[in-house]
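Heads up, the thing below is written out as structure tokens.
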Amino acid sequence: MPIGQKIIRLDAVDSTNNYAASMLQQGIVGHGAVILAEEQISGRGQRGSEWHSLPGMNLLVSICLRPANLSVDQQFLLTQFVSVSMVELLKGFSIEARIKWPNDIYVDQKKIAGILIENSLKGDCIQSSVVGIGLNVNQMEFNGLNATSMRLLKEQQFNLTDVLMSLLNNLNSFYDIFQRHEYFLIENQYEDLLFQKDKLCLYEDASGKFNGLLKGVTSSGQLVLQVDQQLKTYSLKEIGFIL
Ligand code: BTN
């Protein structure tokens, strides 16, 4: 079933990810179902943060996936497939975005979209996945957050349904590649689109700030930086970007 075959539109919900997970668990929806909300009362972000969005302004969406035979070790591929789809979606609106590792979507130095993927596992396999996406479309004010929107960048309002349809088209294209197991296509594109790729930039780890060249990622999703002529890998907790 293509992604978006079933779309559930809600006026308000706690979090579309919670709603999608519960519907999947109860077997009410399956692979490809999309949950869309005008407003989230307790939208969730990565690492326990909150996701705020003014009602009716932005895309707040969760996509239900049941990837066939995807092992837990391969879960970073889902992050890569969704991130690349998001950049392509924005390209379709003439917005050049990049992926700030692991899965923030940035335009220049500002965040335009966030992704929260929550997997449910069965043994070593991913049984189902809820892909939550918050894309800033028409919101103009972000209360001092380092964020931007399509409207701020293009100085025009966008129709949320058009943006959703374009998102679904891109997700379906990349999911086809995914299903054909042509993972290298997604991995290569993800690496090419990384924010600060091959640029000498400031990072921070437990021992302080340092300059590094972002070279890519490992297959499990660790960041690879070249520091003092040596390649080093970092997990999310071990490294921070200094913007
Ligand atoms: C991030 O912190 O960057 C991830 C943000 C993800 C937000 C989206 S909005 C739709 C979906 N429902 C949620 O509660 N969160 C995700």
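The values are calculated or read from the model by the stated rules, or taken from the named source; none is laboratory data. As the structure is a prediction and not an experimental result, all values here were calculated from the model. In this analysis, Cβ positions are derived from the backbone assuming ideal geometry, glycine residues included, and neighbour counts consider all displayed protein chains. Side chains are part of the model used for accessible areas, which takes the heavy atoms of the whole protein and leaves out ligands, DNA and RNA. Shrake-Rupley method; radii C 1.70, N 1.55, O 1.52, S 1.80 Å.
Screening the chain for DSSP H helices whose Cα atoms reach 24 Å or more along their own axis and whose mean Kyte hydropathy is at least -1.0 gives 160-179.
With all protein chains in place and a 1.4 Å probe, the accessible surface of the chain carries 46 percent carbon and sulfur.
Express as a percent, rounded to the nearest 5, the fraction of DSSP beta bridges in the chain (both residues included) that run antiparallel.
Working: 46 of 56 bridges.
The answer is about 80 percent antiparallel.
Per residue, how much accessible area does the chain have with a 1.4 Å probe, in Å²? It amounts to 49 Å² per residue over the chain.
Considering only alpha-carbon pairs that sit under 8 angstrom and 6 or more positions apart, the relative contact order computed for the chain is 16 percent.
Taking 22 Å as R0, compute the FRET efficiency from the Cβ-Cβ separation of residue 198 and residue 227 and round it to 0.05.
My answer for the efficiency is 0.95.
Compared with the alpha-carbon gap, the fully stretched path from residue 237 to residue 10 is longer by 78.3 nm at 0.36 nm per residue.
Site pair residue 25 and residue 213 shows an inter-label distance of 4.7 nm when each label is modelled 7 Å from Cα along Cα→Cβ. GNM on the chain, alpha-carbon springs under 10 angstrom: the most fluctuating residue among 100, 111, 91 is 91.
Only Lys, Arg, Asp and Glu count, each charged at its Cβ (+1, +1, -1, -1), so figure out the dipole size of the stretch 171-239 about its Cα centre, rounded to 20 debye. Mind dumping the intermediate values first?
Details: 7 positive and 10 negative charges, 30 e Å.
So the dipole magnitude of the stretch 171-239 works out to roughly 140 debye.
Under the criterion of Cα pairs below 8 Å and six or more residues apart, the relative contact order for the stretch 100-243 equals 14 percent. In this structure, the amide hydrogen of residue 216, modeled 1.01 Å from its nitrogen in the peptide plane, lies closer than 5 angstrom to those of 224, counting only residues at least 5 positions away or on a different chain. When Lys and Arg each count +1 and Asp and Glu each count -1, what net charge do the other residues less than 13 Å away from residue 76, Cβ to Cβ, add up to? So the surrounding residues net to -3.
Can you tell me the length gained on complete extension of the stretch residue 159 to residue 38, counting 0.36 nm per residue apart and subtracting the Cα distance?
Details: separation 121, 0.36 × 121 = 43.56 nm, distance 1.30 nm.
Full extension from residue 159 to residue 38 adds 42.3 nm.
Compute the separation of the alpha-carbon centres of the stretch 1-42 and the stretch 156-227 and state it in Å as a whole number. Measuring centre to centre over Cα atoms gives 25 Å. Can you tell me the FRET efficiency between residue 95 and residue 140 if r is taken as the Cβ-Cβ distance and R0 is 22 Å, rounded to the nearest 0.05? It comes to 0.90. In straight-distance terms, cross-link reach from residue 110 covers every one of the lysines whose alpha-carbon lies under 28 Å from its own, apart from those fewer than eight places away in the same chain; here that gives 91, 100, 154, 197, 199, 209, 215, 232, 237. Under a Gaussian network description of the chain, with springs only between Cα atoms under 10 Å, the residue in 18, 136, 58 that fluctuates furthest is 18.
Think of it as helices only: each DSSP H run of n ≥ 4 in the chain is worth -39500 (n - 2.57), and spread over all residues that comes to -8000 deg cm²/dmol at 222 nm.
Quote the charge dipole size of the chain about the Cα centre in Debye, to the nearest 20; the model charges only the Cβ of Lys and Arg (+1) and of Asp and Glu (-1).
Dipole of the chain, to the nearest 20 debye: 60 debye.
Taking the Cα centre of the stretch 38-106 as the origin, how large is its charge dipole in debye, to the nearest 20, when only Lys and Arg (+1) and Asp and Glu (-1) carry charge on their Cβ atoms?
Working: 6 positive and 7 negative charges, 32 e Å.
With only Lys, Arg, Asp and Glu charged at Cβ, the dipole is about 160 debye.
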